[in-house]
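Rule-based calculations on the coordinates, nothing more; no lab input. Because the structure is a prediction, the values reported are computed rather than measured. Methodologically, a virtual Cβ is constructed for each residue, glycine included, from the backbone with ideal geometry; neighbour enumeration extends over all protein chains shown.
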Amino acid sequence: MTGAPTPDRMRHALGHFATGVTIVTGFADGAAPVGFACQSFASVSLHPPLVLFCADHRGRSWPRMRDHGRFTVNVLGHDQRDLIARFGSADGARFDGLDWAPSVHGGPSLPGVLMRVHCSVEQVHVAGDHDVVIGRVLDLEDGESGRPMLFYRGRLTVTERRTASTSGETAQDAEDAARAMDDYWG
């Protein structure tokens, strides 16, 4: 399929590129926690350590956290659809009843995530209806082990679980091997 890059065609075509799913968190005026679901996150540089994310500059959360100058990228695991529903929704109360902790370096740290990247805002570039935010990495925090949540073709998905060969193995051997191979992401 070829043609002009309309918003619908862009969404369809670029949906073929799988991305991880994150929740970007920060603090607004008065230390109120804010955050949003974000699939546009990437590493930029190792020296100096920089990352980026893209956020709708008309959104509710990013404009409120921008002036604070710090943020945390919480990388979601395959079993965290509840956080996506909470932070991907237009409804408020994203932090109500959630067991989060303030980060020394960035924004709120969410529970059970695969990793956290704590940053200060280095640069912000306006690009169409979004801001491209470059963050200087201040701290990296390992979280839980497991498989990542992915966004692909307009849907949340997970990686397939690798399984061990069953030839000559007992059921317990196969179960043990599958469990050991399940966390092949680290």
Where residues in the stretch 67-86 are assigned to a helix (DSSP H, G or I) and in contact (Cβ under 8 Å) with a residue 60 or more places away in the chain, which of them is nearest to GLN39 (Cα to Cα)? ILE84
Looking at the structure I just gave you, is ARG64 surrounded by 13 or more Cβ atoms within 10 Å (Cβ to Cβ), more than 23 Å from LEU138 (Cβ to Cβ) and among the basic types (Lys, Arg)? no
Quick check, is PHE53 of a type outside the set (A, V, I, L, M), in contact with a helix residue (DSSP H, G or I) (Cβ under 8 Å, 6 or more places away or on another chain) and either assigned to a strand (DSSP E or B) or surrounded by fewer than 17 Cβ atoms within 10 Å (Cβ to Cβ) (or both)? no
Filter result (more than 22 Å from LEU83 (Cα to Cα), part of a strand (DSSP E or B) and in contact with a strand residue (DSSP E or B) (Cβ under 7 Å, 6 or more places away or on another chain)) within the stretch 101-132: SER120, VAL121, GLU122, GLN123, VAL124, HIS125, HIS130, ASP131, VAL132
Please specify each residue of the stretch 5-34 satisfying the condition of being under 19 Å from LEU138 (Cα atoms) and touching a helix residue (DSSP H, G or I) at 6+ places or on another chain (Cβ under 7 Å). ILE23, GLY26, PHE27
Let me confirm something: among ASP129, ASP139, which residue is acidic (Asp, Glu), surrounded by fewer than 18 Cβ atoms within 10 Å (Cβ to Cβ) and in contact with a Ser or Thr (Cβ under 9 Å, 6 or more places away or on another chain)? ASP139
